[in-house]
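Asker: Below is the structure I would like to discuss, written out as structure tokens.
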Amino acid sequence: MKTNNVILRAVVKLVVFIILTLAVYLFLSGHHSPGGGFIGGLVVAAALVLLFVSFDIETVRGAIPFDFKKVAALGAFISVTTGFGSLLFGEPFLSQTFAYFDLPFFGETELTTVTIFEAGVALVVVGVVVTIILSIVEDV
Amino acid sequence: MNNLVVLPMVIPVLAGILFVFFRNQIKLQRWISFIVMIGNIGIAAYLLHLNQIAGIQRIDFSGWMPPFGISFVADSFALILVLLTSLVAAICLIYAFSSIGEAREKMYFYSFVNFLVAGVNGSFLTGDLFNLYVCFEIMLLASYVLIALGGEKVQLRESIKYVLINVLSSWFFLVAIAYLYGAIGTLNMAHISERIAESGQTPLLTVISIVFLTVFALKAGLLLYFWLPGSYSIAPTAVAALFGALLTKVGIYAMIRVFTLFFYHDPSITHTFITVLAALTLIGGSIGAVAYKDIRLIVTYNVVIAVGFILVGLAVATPEALEGSIYYLMHDMIVKALLFLLAGTMISVTGTTRIDEMSGLIRNYPLLGWMFFIVMLSLAGVPPLSGFIGKVLVGQGTIETGSYILLALAFLSSIFVLYSLLRVFLQCFWGETIISSEDEIPMKNGWMIPCAILTIGTIVLGLGAEFIFPYVSDAANTLLNPSDYIDAVLTQD
């Protein structure tokens, strides 16, 4: 029996963007307030899983053609290499730094190296969560 | 601050991650893994040398000072073990190149070997108790994969047992850490040691120490070794050699560290426990080693005996005995890897695991036979091979403290080791040959070279004892004087 899920799909198409915006917000707020790469990554993964649930796997795979194992590996690679970055400056492993820049449009903005590290964490979380969920789905 | 201290853990992690992108370039993966291990040998050797002239090295991650941040602390004891781990891993990799098979290699085999080594090195180097737990988990997760990779029926049966027992013991570990944090209020190992010394080892802390003892006994196979023979005997040869040489050693390391750095104030309780456990392990391991006809089980029970023997040194805790334990730990890593590789090679060439179905192998493979003979003598403690010095020093320690029962058990277990392996030797290498020259499977260089390197290793470790002794003695000294470790960690530089 083919279920009619027009309403679900219509809502999901809209809601996914709200969820992704929330993910970006959480990711960026992580430096000074609750949030960060892990949470942001989880929310992105939640959005992707919602897509997988409401559309079928092939369709979403076609739209987002990433191998999520490699996404996770890329994230881990980014995080570990940012740790190595501090070695170039003779600082202890994993040292981070930040500075304020005057950017057009954003005004005075704090840019930090820890954001790169967190981006790696977010990618790992997205990759791992989606891989786990897809493996479970394929098993059934 | 010395950034080199973190590299033995981080470089293998990075290599393991990179292999995900080069899944099908097996040659590349082999070379990178091998170079990583060789690089780690170099780093560990340099740090060990630095340790003798400049004292204990440490690195505070992100520059957060201890006891607030996480530090890696490299003292001689940890570095000796990192050095041996990298050496054994490099040699097991050479063996894996020609034995593990393309199917496993394409399923990220080398990634997980690298993660395993990262976890082992991290456990040795970390100066933070919770971080020790994390590194244990990295090592265990990699070992779960390595033991189940291949998906044969028997592998799945044993790996389920292995995973369950380790998840349970990890949970105990976490509980023990929580208890200790509740009682002491810190996780930095040097800081814990300092606080316990200030407040005295109260009965509550002694109870917590027994929880730690249970955890590490499960991981090291001290008395609680019921899971060990099954899971170590079904893994592919190169993996079994890695496990036999490294995994129980991490448990032993943690036990020695915890009971020389934190809980050394009330030896009448804690060290009596260790004494009894070590004695029972020696007895149980000896019975197991002579009871079976499956060569893999004989070899794994030999691992159990070694665990008991090394912890005899911790139980009596005199300087000589600890030196002996460290020496024996080094010896055992090399020799157990060799023993597993030789046993695995025998199984590959005969196609059977039962010793009564093998015969006359020395006619077909003389080099294999002679190496088995040497490893047997080395394990039994015949001079000038590497087992001798460890046994003498541990024996000296037990005599000094008057623990004659322990002494008798330790040396009787050596007889059992000799008997169990001599039985294998007589049964499998002597007698009428069962393999005709037409059926003979040609011996691969990739199998013989790693075994030969390890055989040379055990001879060098025995003959070069004089050269290695200052490092071992420094390691034992640091263990016996926790203040050295504490000063190195808690002073600002």
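Asker: Among the helices (runs of 4 or more DSSP H) confined wholly to the range B:61-152, which include 2 or more residues that are farther than 29 Å from B:Tyr327 by Cα? Reasoning before the result, please.
Answerer: Values: elements: B:76-97, B:102-106, B:109-125, B:129-148.
Once the helices (runs of 4 or more DSSP H) in the range B:61-152 are filtered for at least 2 residues that are farther than 29 Å from B:Tyr327 by Cα, what remains is B:102-106, B:109-125, B:129-148.
Asker: Which ranges mark the helices (runs of 4 or more DSSP H) fully within the range A:47-140 that have 3 or more residues being more than 10 Å from chain B (Cβ to nearest Cβ) and more than 18 Å from A:Val16 (Cβ to Cβ)? Reasoning before the result, please.
Answerer: Numbers: elements: A:57-63, A:68-88, A:114-139.
Once the helices (runs of 4 or more DSSP H) in the range A:47-140 are filtered for at least 3 residues that are more than 10 Å from chain B (Cβ to nearest Cβ) and more than 18 Å from A:Val16 (Cβ to Cβ), what remains is A:68-88, A:114-139.
Asker: Then there is this: Would you call B:Gly55 touching a helix residue (DSSP H, G or I) at 6+ places or on another chain (Cβ under 8 Å) and away from every other protein chain (no Cβ under 13 Å)?
Answerer: Yes: the conditions hold for B:Gly55.
Asker: Restricting the search to the range B:171-200, which residues are assigned to a helix (DSSP H, G or I), touching a residue at least 40 places away in the same chain (Cβ under 8 Å), closer than 12 Å to B:Phe263 by Cα and not hydrophobic (A, V, I, L, M, F, W, C)?
Answerer: B:Ser193, B:Glu194
Asker: Ok, one more. Going by the conditions given, is B:Arg58 among the basic types (Lys, Arg) and not in a helix (DSSP H, G or I)? First the steps, then the outcome.
Answerer: Details: among the basic types (Lys, Arg): yes; not in a helix (DSSP H, G or I): yes.
Yes.
Asker: Shifting gears a bit: Consider B:Thr353 against the criteria (1) within 25 Å of the chain's Cα centre (by Cα); (2) surrounded by fewer than 24 Cβ atoms within 10 Å (Cβ to Cβ); (3) farther than 16 Å from B:Arg423 by Cβ: it satisfies all of them except one. Which criterion is unmet?
Answerer: The failed condition is (3).
Asker: Here is a follow-up. Among (1) aliphatic (A, V, I, L, M); (2) touching a residue at least 12 places away in the same chain (Cβ under 8 Å); (3) in a helix (DSSP H, G or I), where does B:Leu223 come up short?
Answerer: Every listed condition holds for B:Leu223 apart from (3).
Asker: Checking B:Glu323 against (1) among the acidic types (Asp, Glu); (2) buried (at least 24 other Cβ atoms within 10 Å of the Cβ); (3) over 29 Å from B:Ile456 (Cβ atoms): exactly one of these is not met. Which one?
Answerer: So B:Glu323 meets the others, but not (3).
Asker: State which residue is nearest to B:Val472 (Cα to Cα) when the search covers only the range B:60-118 and only residues that are among the polar types (S, T, N, Q) and within 14 Å of chain A (Cβ to nearest Cβ).
Answerer: B:Ser71
Asker: B:Met333 - would you say it is surrounded by 24 or more Cβ atoms within 10 Å (Cβ to Cβ) and either among the hydroxyl-bearing types (Ser, Thr, Tyr) or part of a helix (DSSP H, G or I) (or both)? If you could, list the steps in order and put the result at the bottom.
Answerer: Details: surrounded by 24 or more Cβ atoms within 10 Å (Cβ to Cβ): yes; either among the hydroxyl-bearing types (Ser, Thr, Tyr) or part of a helix (DSSP H, G or I) (or both): yes.
The answer is yes for B:Met333.
Asker: Residues that are free of Cβ contacts under 8 Å to residues at least 40 places away in the same chain and of a type outside the set (Val, Ile, Thr): find the helices (runs of 4 or more DSSP H) completely inside the range B:347-454 holding 2 or more of those.
Answerer: Values: elements: B:361-364, B:366-380, B:387-401, B:404-429.
By residue number, B:366-380, B:404-429.
Asker: Looking at the range B:416-437, can you tell me whether even one residue there is surrounded by fewer than 21 Cβ atoms within 10 Å (Cβ to Cβ) and under 22 Å from the mean Cα position of the chain (by Cα)?
Answerer: Taking every residue of the range B:416-437 in turn, at least one turns out to be surrounded by fewer than 21 Cβ atoms within 10 Å (Cβ to Cβ) and under 22 Å from the mean Cα position of the chain (by Cα).
Asker: Turning to a different aspect of this structure: Is it true that B:Gly42 is surrounded by fewer than 19 Cβ atoms within 10 Å (Cβ to Cβ), free of Cβ contacts under 8 Å to residues at least 12 places away in the same chain and not in a helix (DSSP H, G or I)? Steps first, please.
Answerer: Working: surrounded by fewer than 19 Cβ atoms within 10 Å (Cβ to Cβ): yes; free of Cβ contacts under 8 Å to residues at least 12 places away in the same chain: yes; not in a helix (DSSP H, G or I): no.
Considered against the rule, which asks whether it is surrounded by fewer than 19 Cβ atoms within 10 Å (Cβ to Cβ), free of Cβ contacts under 8 Å to residues at least 12 places away in the same chain and not in a helix (DSSP H, G or I), B:Gly42 comes out as no.
Asker: Let me ask something else. Considering the range B:1-39 alone, what residues qualify as being more than 7 Å from chain A (Cβ to nearest Cβ), in contact with a helix residue (DSSP H, G or I) (Cβ under 6 Å, 6 or more places away or on another chain), in a helix (DSSP H, G or I) and not aliphatic (A, V, I, L, M)?
Answerer: B:Pro8, B:Pro12, B:Gly16, B:Phe19, B:Gln29, B:Arg30, B:Ser33, B:Phe34
Asker: Among (1) over 20 Å from B:Leu277 (Cα atoms); (2) within 27 Å of the chain's Cα centre (by Cα); (3) hydroxyl-bearing (Ser, Thr, Tyr), there is one condition B:Tyr181 misses while meeting the rest; what is its number?
Answerer: (2)
Asker: Next question, about the same structure. With A:Gly83, A:Gly127 as the choices, which residue is touching a residue at least 24 places away in the same chain (Cβ under 8 Å), in contact with a Gly (Cβ under 8 Å, 6 or more places away or on another chain) and not polar (S, T, N, Q)?
Answerer: Values: A:Gly83 fails: in contact with a Gly (Cβ under 8 Å, 6 or more places away or on another chain).
A:Gly127 is the lone residue from the list that is touching a residue at least 24 places away in the same chain (Cβ under 8 Å), in contact with a Gly (Cβ under 8 Å, 6 or more places away or on another chain) and not polar (S, T, N, Q).
Since every read-out is calculated from the coordinates, none of them should be taken as a lab result. This structure is a prediction, so every number in the text was calculated from the model and none was measured. FYI the Cβ positions are ideal-geometry reconstructions off the backbone, even for glycines, and counts take in every protein chain you see.
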